[in-house]
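Asks: To start, I am sharing the structure in question, which I have written as structure tokens.
The values are calculated or read from the model by the stated rules, or taken from the named source; none is laboratory data. All of these numbers come straight from a predicted model, not from anything done at the bench. Glycine also receives a Cβ, built like all others from the backbone with ideal geometry; neighbour counts cover every protein chain displayed. The area values use the complete protein model at the heavy-atom level, side chains included, leaving out ligands, DNA and RNA. Shrake-Rupley method; radii C 1.70, N 1.55, O 1.52, S 1.80 Å.
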Amino acid sequence: MTVNWNATYEKWNRFNELDPALKQQLNDLAGNEKELEDRFYKSLEFGTGGMRGELGVGTNRMNIYMVRKASEGLAQFIEEQGKEAKVRGVAIAYDSRHQSPEFALEVAKTVGKHGIQAYLFDSLHPTPLLSFAVRYLHAFAGVVITASHNPKEYNGYKVYGEDGGQLPPEAADQLIDYVNRVENELTIEVGEESELVNSGLLVYIGEKVDKAYQNQLIKLQQNKEVIDSVKDSFHIVYTPLHGTGNLPVREGLKNFGFENVTVVKEQELPDPNFSTVSSPNPEEHAAFEIAMKYGKEIDADLLLGTDPDTDRLGVVAKNKDGEYQVLTGNQTGALLLHYLLTQKKQQGTLPDNGIVIKTIVTSEIGRDIAKSFGIPTLDTLTGFKFIGEKIKEYEQSGEYTFLFGYEESYGYLIGDFVRDKDAVQSAVLAAEVAAYYKAQGKTLYDGLLDIFAEYGYYKESLSSLTLKGKEGSEKIAEILARFRANPLKQVAGANVVAIEDYQSQIRTNVQTGETSPIDLPISNVLKFFLEDGSWFCMRPSGTEPKAKFYFGVKAASLEESEKWNQQLQEEVMSIVNKMI
């Protein structure tokens, strides 16, 4: 919501009770109009990942006042649902970032002031554990304080519904309305922690929920015999990247039967500065630099890494040259999916009405794999909340049985006792898949090549354009507007045969001009399809000041797919860069 930034800045500057650290920031920024405008020209908004922003003073930053504003809106939203919703209350978790514990307590104190039950984890926990806790405790809603894999300067606020999934668009819009009605974020009343605890409105949770989660996790094991056959010689290196995954991932691996697990000591403990990496993102190859050194020292079969809130998993395996190679999210997803369906088919547990769910920017190899097992694949918009929304819909209708959900950005879900991407689940299953191939005398990467040989050599890539601030947001919007106004008919020597515009919800056949509706929510996304089945897609990030460009191709060999993917990406990004 854009506001008169001068008036908002003056309101904050005149507020005598402003947090001292934030007041000092304001004093330091005095006279810097460009920076002050960026901090006050709007309030943080809910995107695909909730509310997320840089820490600091201002309505366009994460601080206790914006956390209280979001929580006040949430409290009023819950009150409108009636007494039962207040009694069921809110489960709250937080990660290892700066101010995460403080922000989580502010959530509890704000909703508690309204007489709403709050369940607050007594230590940092992964995002998927929050999703599980909402379901396990039968809470009405959930909140997790996290900025996922963003840089250390960020924090965020994600809201979950009673199904344990992130709020879908309709519910999120209702919540945003309540949040926007909060007139003054500086004067919101909050309860006292001790009083809320004494009254029972604030309950600290932890061990009981963790144990219940691990009891569900072990049920995802597909083939214990495979693990037992190689466990003595199978070695795993795991890095939590200074986040929340250390304890639950290690316990999960142990329960699955993996005995030789080495944790990267330099990255084991929580560290809000993520001091050993430039980015705590397992999508970044550099995040595995230390883990690879560990791997080489002990000749590890598999390297695993989770992001700070443990909803994304990175996987590293040995390639044909014996070197460690970071798998893409699409590649890991293909391996997990193929293994799951293979095991279920062999065991006779593959349901007739099973379904795989992925996002529109996720590789088409998943669709091919599922199709070979007689299983359909559904596409959703980017953002795992849309996958969670579909799981809930099919659970209620009985139309399909959920088997696997994933997105290219390293997020996977196997068991629907969680309704968001879950790197704990993904880590234990990835280890089992690697053990499965080891039992055949193969590496996990060999297994990937087997899948490519069967289904085709798929190659995907992502290019991001970072444009910060108000001007950056406007430039990103302008880039997509220009692609809409003058749609490409040919790129990299290949004809464009169709364009999907998710803002107008229309798919256009470029050759015939025929149009057909897209049955997905409105979103500022464009996807172009080429004559050989290749595609590229563009959208603004919902959580960062970026425009994201996705590319996907399929070819007859690994070399050809890599070459064609690079060519397509270079040409499209050349066009984009001329627009800046």
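Asks: Give me the percent relative contact order of region 447-580, please, defined on Cα pairs under 8 angstrom at least 6 residues apart.
Replies: Result for region 447-580 is 30 percent.
Asks: From the mean inverse distance of alpha carbon pairs (Kirkwood) and the Cα radius of gyration, derive Rg over Rh for region 140-263.
Replies: For region 140-263, the value is 1.08.
Asks: Separate question: Per residue, how much accessible area does the chain have with a 1.4 Å probe, in Å²?
Replies: Roughly 40 Å² per residue, with all protein chains present.
Asks: Let me check I've understood the local charge: for L18, count other residues with C-beta under 14 angstrom from its C-beta, Lys and Arg +1, Asp and Glu -1. What total comes out?
Replies: +1
Asks: Residue by residue, what Karplus-based ³J(HN,Hα) values in Hz, rounded to whole numbers, does region 194-205 have, using 6.51, -1.76 and 1.60 with θ = phi - 60° and x for Gly and Pro?
Replies: Those phi angles translate into 4, 5, 5, 5, 4, 7, x, 6, 10, 10, 8, 10 Hz.
Asks: Next up: How much accessible surface does E80 have with a 1.4 Å probe, in Å² rounded to 10?
Replies: Rounded to the nearest 10, the figure is 130 Å².
Asks: Just tell me which lysines come within less than 24 Å, Cα to Cα, of K489; anything on the same chain fewer than 8 places away is out.
Replies: The reachable lysines, counting only those whose Cα sits under 24 Å from K489, are K459, K475, K527, K548, K554, K563, K578.
Asks: Ordering I375, I580 by how much accessible area each has at a 1.4 Å probe, largest first, what is the list?
Replies: Of I375, I580, the descending order of accessible area is I580, I375.
Asks: For a quick size check, give me the Cα extents of region 1-101 along its three principal axes, largest first, whole Å.
Replies: Extents along the principal axes: 50, 31, 30 Å.
Asks: If you don't mind, another one. So what is the relative contact order for region 352-441, in percent, with contacts set as C-alpha pairs under 8 Å and at least six apart?
Replies: 27
Asks: To the nearest 0.05, what FRET efficiency results for E84 and L247 with a Förster distance of 35 Å applied to their C-beta separation?
Replies: 0.55
Asks: Then there is this: Going Cα to Cα from K208, which lysines come in below 17 Å? Please leave out same-chain ones fewer than 8 positions away.
Replies: Those lysines meeting the cut-off do not exist here.
Asks: Filter K211/K421; K86/K254; K152/K219; K265/K392; K152/K385 down to the pairs with a C-alpha to C-alpha distance above 29 Å, please.
Replies: Too far apart for the 29 Å limit: K86/K254; K152/K219; K265/K392.
Asks: Just to confirm my numbers, what's the Cα centroid distance between region 72-127 and region 1-43 in Å?
Replies: Each part reduced to its Cα centre gives a spacing of 27 Å.
Asks: Under a plain spin-label model, where a point goes 7 Å from the Cα along Cα-to-Cβ, how far apart in nm are S199 and S279?
Replies: For the pair S199/S279, the computed spacing is 4.5 nm.
Asks: Then there's this: Tell me, what is the percent relative contact order of the chain, built from C-alpha pairs under 8 Å that lie six or more residues apart?
Replies: Taking the mean separation of contacting Cα pairs over the length of the chain, I get 12 percent.
Asks: Long-range amide H contacts for G354: which residues qualify at under 5 Å (H placed 1.01 Å from N, peptide plane, sequence gap of 5 or more or a different chain)?
Replies: T401
Asks: Explain nothing, just compute: Karplus ³J(HN,Hα) = 6.51 cos²θ - 1.76 cosθ + 1.60, θ = phi - 60°, for every residue of region 75-90 in order, whole Hz, x for Gly and Pro.
Replies: Each residue of region 75-90 in turn: 4, 5, 4, 5, 4, 5, 7, x, 4, 4, 4, 5, 5, 5, x, 10 Hz.
Asks: While we're here: Over the Cα atoms of region 381-489, Rg to Rh with Kirkwood Rh, two decimal places?
Replies: Radius of gyration over Kirkwood radius for region 381-489 works out to 1.09.
Asks: So what is the calculated 222 nm ellipticity per residue for the chain, using -39500 (n - 2.57) for each DSSP H run with n of 4 or more, over all residues, to the nearest 500 deg cm²/dmol?
Replies: -13000 deg cm²/dmol
Asks: Something else about it: At a 1.4 Å probe radius, carbon and sulfur cover how many percent of the accessible area of the chain?
Replies: Within the chain, the accessible surface is 45 percent carbon and sulfur.
Asks: Could you pull out every residue, at least 5 positions away or on a different chain, whose amide H is within less than 5 Å of the one on S541? Hs are placed 1.01 Å off N in the peptide plane, and Pro or chain starts have none.
Replies: Amide H neighbours of S541: K546, A547, K548.
Asks: Now for a separate question. Between K475 and N495, what FRET efficiency follows from the Cβ-Cβ distance if R0 is 25 Å, with the result rounded to 0.05?
Replies: It comes out at approximately 0.30.
Asks: Hey, could you get me the Stokes-Einstein D for the chain, Kirkwood radius over alpha-carbon pairs, 4 °C and 1.567 mPa s, rounded to whole µm² s⁻¹?
Replies: 52
Asks: Further question on the same structure: What net charge do the residues around H114 carry, taking every other residue with its C-beta under 9 Å from that of H114, with Lys and Arg at +1 and Asp and Glu at -1?
Replies: Taking every Cβ under 9 Å from that of H114, the sum is 0.
Asks: Calculate the spin-label point distance for T349 paired with L269, positioning each point 7 Å from the Cα along the beta-carbon direction, and give it in nanometres.
Replies: Placing both labels 7 Å along Cα→Cβ, they lie 4.0 nm apart.
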